[in-house]
Amino acid sequence: MSWENWLRRLAGETLPIVNEQPEPGFYRYKGKNDPVPIPVAYWINGDGTVSCRIGRRDVSIEKGEEIWSWCANKPVSETAYRAVAERGEPWPDIDPAVSEQMRQGIGGNQPPDEHVLIAEQIGIVTEAVNNYTKVTSDEQAAQAQTVRGRLLELKGQAEKAHKAEKQPHLDAGRAADQKWLPLAKAAQAAADAVRTALSAWETVKMRKQREAEAAAAKAGQPAPVPAAPPTTQIKGAIGKAASVAVVKVVKVMDFDAVYANFRQNVELQKLLTKLAQAAVDAGYPVPGITVDEERRVK
C-alpha cells in the first residue's frame, strides 16, 4: 500500500473507492454536525498496519474505516493538512470570514434572536464579497465559492424562518379564499356574460347607425338623426351604471407589414432576442444571429 492513489486523487483523477479499506494520504471529512471540514490523515506503520488521525486526535482504525468512503474523494495537500490540523489555520480554499463564522456557529447559552443572528451573519459574509469582485485564479475561485455557498445557505435559513413565521397566516388566508372566492368568481362570471351581451347590443346599434349614415351619404342625402344620442351609460334599477365607450380592436392582416413598421422597436427586438435564445437552447438553428459561448456558474 503506497501514497500513489492519494497523489492521483489530489491531481484530480477519479479512482474507485473500496469501503472500509483506507489508503495512506491526507484528506478532510465533514460530518453532519461539523461546522467546517475536519482534517484526516492515514499512514502506514512499520508493521504494515494503517493508522488514522481525525483532527488532532488519533482514532481507532475502525473509526477511520467508517469515514473512509466519505473522505476518500476529498484529498488535500500535506501543506494544507498540516496548516489546519497542526496550526489551527483555516482551510486555504475557504474564505476566512466564512470559516470563522462557521466555526463559531450559533453557540452560547442565550443565542440572539434568529432574525438578528442571520442578518448579522449575512452582513459579515456580504462584506467578504468585496474580495471577489474579480476572480483571477482557481484558488481564489474556490474561496469565492465558499462565500457564495455560505450566502445561499443563509438565504435558505432566512427563507425557512420566513415560511415558518408566515405559514399560519397563509393557512388562514387559504381558508378564507376557499370559503369566499368561489362565490365571488361565480358572480363575476355571470356578470361578465351579461356584459358580453350588452357590448354586442351596443355594437349592433353603432354599426346600424353607421350603415344608415353611409347609405345617406351615397344617396346624397343628409345623415339621418339617431333616435337617441349614442349611449354612454347603461343604468339599471339597482347597482352601479355601466359605462359604454368605443374601443378599437386590432386584427392583423399582414404580419410582414406590421413587422416592418415596428422593426426598430426596442421591445420587439428584446422579444425576438428572447425567442432566438429559446430556439438556440432547444437546439434549433436561427438565421440572422451569431452565437457566442460563455461559462456560467449556476
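Scan segment 240-256 for residues that are part of a loop (DSSP other than H, G, I, E, B) and within 16 Å of residue 198 (Cα to Cα) and report the count.
Pass one, segment 240-256, residues part of a loop (DSSP other than H, G, I, E, B): 240-241, 244-254.
Keeping just the survivors that are within 16 Å of residue 198 (Cα to Cα) gives 240-241, 244-247.
Of the residues in that region, 6 qualify.
When you go through 228, 237, 172, 215 one by one, which is the residue that is loosely packed, with under 11 Cβ neighbours inside 10 Å and in a helix (DSSP H, G or I)? Can you show your working first?
On the way: 228 fails: in a helix (DSSP H, G or I); 237 fails: in a helix (DSSP H, G or I); 215 fails: loosely packed, with under 11 Cβ neighbours inside 10 Å.
It is 172.
In the set 97, 85, which member is modelled with pLDDT of 90 or more and aliphatic (A, V, I, L, M)?
Values: 97 fails: modelled with pLDDT of 90 or more.
From the options 97, 85, the qualifying one is 85.
With 259, 284 as the choices, which residue is outside any loop (DSSP other than H, G, I, E, B) and of a type in the set (Phe, Trp, Tyr)? Let's see the steps before the verdict.
Numbers: 284 fails: outside any loop (DSSP other than H, G, I, E, B).
Step by step, each of 259, 284 is checked, and only 259 is outside any loop (DSSP other than H, G, I, E, B) and of a type in the set (Phe, Trp, Tyr).
Pairs only if they're at least six apart or on different chains, beta carbon under 9 angstrom, first in segment 176-194 and over 20 Å from residue 235 (Cα atoms) and surrounded by 10 or more Cβ atoms within 10 Å (Cβ to Cβ), second of a type outside the set (Ser, Thr, Tyr) and at pLDDT 95 or above; list them, first residue then second.
Note: no pairs meet the criteria.
Quick test for you: out of 198, 268, pick the one residue that is in contact with a Phe, Trp or Tyr (Cβ under 6 Å, 6 or more places away or on another chain), part of a helix (DSSP H, G or I) and farther than 30 Å from residue 145 by Cβ. Reasoning before the result, please.
On the way: 198 fails: in contact with a Phe, Trp or Tyr (Cβ under 6 Å, 6 or more places away or on another chain).
Just a single option satisfies the conditions, and that option is 268.
Just one of (1) assigned to a helix (DSSP H, G or I); (2) surrounded by fewer than 17 Cβ atoms within 10 Å (Cβ to Cβ) trips up residue 67, so point out which.
Tallying (1) assigned to a helix (DSSP H, G or I); (2) surrounded by fewer than 17 Cβ atoms within 10 Å (Cβ to Cβ), residue 67 fails exactly one: (2).
Here is a yes/no grid of residues against (1) more than 30 Å from residue 145 (Cα to Cα); (2) touching a strand residue (DSSP E or B) at 6+ places or on another chain (Cβ under 6 Å); (3) of a type outside the set (Gly, Ala, Ser):
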position	(1), (2), (3)
204	yes, no, yes
210	yes, no, yes
230	yes, no, yes
234	yes, yes, yes
242	yes, yes, no
264	yes, no, yes
283	yes, no, no
294	no, no, yes
298	no, no, yes
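If you go through segment 132-169 one residue at a time, how many are more than 30 Å from residue 12 (Cβ to Cβ), exposed (fewer than 11 other Cβ atoms within 10 Å of the Cβ) and among the aliphatic types (A, V, I, L, M)?
1
Which residue pairs have Cβ atoms under 7 Å apart, sit 6 or more places apart or on different chains, and have a first residue in segment 228-257 that is more than 24 Å from residue 268 (Cα to Cα) and a second that is among the basic types (Lys, Arg)?
From residues that are more than 24 Å from residue 268 (Cα to Cα), the pairs are 241/235.
If a residue must be over 20 Å from residue 144 (Cβ atoms) and in a loop (DSSP other than H, G, I, E, B), how many such residues does segment 70-98 contain?
5
The values are calculated or read from the model by the stated rules, or taken from the named source; none is laboratory data. Keep in mind that this is a model prediction, so the values were computed, not measured. Don't worry about glycine lacking a Cβ; one is built from the backbone with ideal geometry, like all the others, and counts go over all protein chains shown.
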